[in-house]
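> First the structure, then my questions, so here it is.
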Amino acid sequence: MNDGRILREAWIDGVNKRYPGKPKPGYVTPWDETPAWEREAAAAVYGQVRDFIEVSGGRAARLTREQKGRFVALCWTAQMFRHVEDPKPGYVADWSELPVCRREADADIFERIEGTV
């Protein structure tokens, strides 16, 4: 399976599980309908997380869920700045400003990637 697709599916699963109410359609758009820039960003973040896990010699498993989620969020923020000229503030907000559902979904993403490495 495509690396970016793994990340996207983990995101969708996290949003469906944790989002209060019905998620916005863009949050759960299937991989094949996701814009090219977003697929590229997802693949990049997957790669960053995979590399981080590998260079830690497997010790990244000792990180807390919060630390794992923070890493994913920071990697995603960098991709937003790379691909979107003027991103909405909520898309590049600091960890403390993110909704809990996003924090948890980001931690889920890290853990899903851990399971594939």
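> Which residue pairs have Cβ atoms under 7 Å apart, sit 6 or more places apart or on different chains, and have a first residue in the range 36-54 that is surrounded by fewer than 21 Cβ atoms within 10 Å (Cβ to Cβ) and a second that is assigned to a helix (DSSP H, G or I) and among the small types (G, A, S)?
Hits for this filter: R39/G4; A43/G4; F52/A60.
> What do you reckon, is E114 in a helix (DSSP H, G or I), exposed (fewer than 12 other Cβ atoms within 10 Å of the Cβ) and in contact (Cβ under 8 Å) with a residue 60 or more places away in the chain?
no
> Could you count how many residues in the range 59-90 are surrounded by 10 or more Cβ atoms within 10 Å (Cβ to Cβ) and more than 20 Å from A44 (Cα to Cα)?
The number of residues fulfilling the criteria is 5.
> Checking V15 against (1) surrounded by 13 or more Cβ atoms within 10 Å (Cβ to Cβ); (2) hydrophobic (A, V, I, L, M, F, W, C); (3) modelled with pLDDT of 95 or more, only one condition comes out false. Which one?
Single failed check for V15: (3).
> Okay, next question. Within the range 68-110, which residues are touching a residue at least 60 places away in the same chain (Cβ under 8 Å) and either at positive phi or over 9 Å from the mean Cα position of the chain (by Cα) (or both)?
Selection gives V100, C101, E104.
> Among the listed residues Q79, Q48, Q67, identify the single one that is in contact with a Cys (Cβ under 7 Å, 6 or more places away or on another chain) and of a type outside the set (G, A, S).
Answer to the selection: Q48.
The values are calculated or read from the model by the stated rules, or taken from the named source; none is laboratory data. Only a predicted model underlies this, so the values are computations on that prediction, with no experimental measurement involved. Note that each Cβ is placed from the backbone with ideal geometry, even for glycine, and that neighbours are counted across all protein chains shown.
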